[in-house]
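The values are calculated or read from the model by the stated rules, or taken from the named source; none is laboratory data. Everything quoted here is computed from the prediction, not taken from an experiment. Ideal geometry is used to build each Cβ from the backbone, glycine not excepted, and the neighbour counts take in all protein chains shown. Surface areas here come from the heavy atoms of the whole protein model, side chains and all, with no ligands, DNA or RNA. Shrake-Rupley method; radii C 1.70, N 1.55, O 1.52, S 1.80 Å.
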Amino acid sequence: MKEKRTIRLSCERARAFPIEKVLAKLGHFPTGTNDKEAWFLSPFRSETQASFKVSKKLNRWYDHGEGIGGNVIDLVCKIGQCTVREALQLIAEDRTSFLFQQRPGFKSEKQDRILINEVKELTHYALKGYLRSRNISIGTANRFIKEVHYRFKDKKYFAIGLKNDSGGWELRNKYYKNCSSPKDITHIQNGNGKLIVTEGMFDLLSIISYNRILETTYDLLVMNSTAFVSKTSEIMDNYSQIDLYLDNDANGKLTAEKLMAGSNNSNDKSKLYSGFKDMNEWLEHNSKKGFGQKAQDVFLLPQKQSCSAPDGRKEKKK
């Protein structure tokens, strides 16, 4: 009984040990932080877009890439591949970093940051070609994105960039998907009472490329990460109608459910591109099948066809 009580008390004390300090000892530093939370590149795998969140208030972590989370003990056990007893000893002895120095596959160096060198209007032929390959109108893209040149791990890159509300950038080119800190949503306010919500920039660009009317009748919000579901919900409260164009996968469905649970004015539009991962995949498929113009017509106007148009309106039957 005494031994069991000792372990329980040790767990209680260990849970209070700051997760950020554990990560710092392993060479993992936040890509973005505020008073409530900090974002890290996942310590479990190689990635360029931060998906690992630490709640400062709760001292809990959550890895959106794997859909798992826990307290500091769970974190040490997972990264160190050790038992709870071993994790408690390591935390108590302040030797967490020693453990990971013995484990192959984990870097103890500080993560390199993306440094923005230049932001300008889109001119590069390769980036224009990339947009066209994904069936995005260059004219539409120019209204939302920029050409961004940046440095990462001592190498120079360029990409199309969507700026978020905190000054960070979502960066995409044919080969890489990156983001610069701080990570945040992108809320484009046009003074409308209706809102379109998407997960990523290409969902937004796809929707507006095929229905320019929506840009003048809706405000637009790109989550940039489903981790911002709470912030998105708060913004949704200010709108009379919200259309959700989220991914047709488990994470997208779960995010849509969370957003709809907090709003009586939201509509899940994912059924409109059922069978495809997202809006952009739907558009690419139609283009490859030679139905680009037909798909555009269906998107824009209520044609007499037995299907639903991706603007949410039910088509009239013949």
Practice prompt. Could you tell me which residue of the stretch 62-103 is modelled with the highest pLDDT, considering only residues that are of a type in the set (A, V, I, L, M, F, W, C) and more than 30 Å from Lys153 (Cα to Cα)?
Written response: Ile73
Fill in: Phe152 being in contact with a strand residue (DSSP E or B) (Cβ under 8 Å, 6 or more places away or on another chain), surrounded by fewer than 23 Cβ atoms within 10 Å (Cβ to Cβ) and among the aromatic types (Phe, Trp, Tyr)
yes
Discussion item. I'm checking my understanding of the structure. Among residues of the stretch 185-243 that are touching a Gly at 6+ places or on another chain (Cβ under 9 Å) and in a strand (DSSP E or B), which one is farthest from Thr255 (Cα to Cα)?
Written reply: Asp219
Worksheet item: So, in the stretch 237-255, of the ones that are crowded, with 20+ Cβ neighbours inside 10 Å and more than 19 Å from Ile207 (Cα to Cα), which residue ends up farthest from the chain's Cα centre (by Cα)?
Response: Tyr239
Item to complete: Any chance you could count how many residues in the stretch 63-86 are touching a residue at least 60 places away in the same chain (Cβ under 8 Å) and within 20 Å of the chain's Cα centre (by Cα)?
Response: 2
Worksheet item: So which residues in the stretch 20-61 are farther than 24 Å from Gly167 by Cα, at pLDDT 90 or above and surrounded by 16 or more Cβ atoms within 10 Å (Cβ to Cβ)?
Response: Arg60, Trp61
Fill in: Qualifying residue in the stretch 214-234 (condition: farther than 14 Å from Tyr273 by Cβ, touching a residue at least 60 places away in the same chain (Cβ under 8 Å) and open to solvent by 30 Å² or more (accessible area, probe 1.4 Å))
yes
Worksheet item: Of all residues in the stretch 256-282 being closer than 21 Å to Lys194 by Cβ and among the hydrophobic types (A, V, I, L, M, F, W, C), which is surrounded by the most Cβ atoms within 10 Å (Cβ to Cβ)?
Response: Met279
Worksheet item: Among the residues of the stretch 115-145 satisfying the criterion of being of a type in the set (D, E, K, R) and part of a helix (DSSP H, G or I), which is most open to solvent (accessible area, probe 1.4 Å)?
Response: Arg132
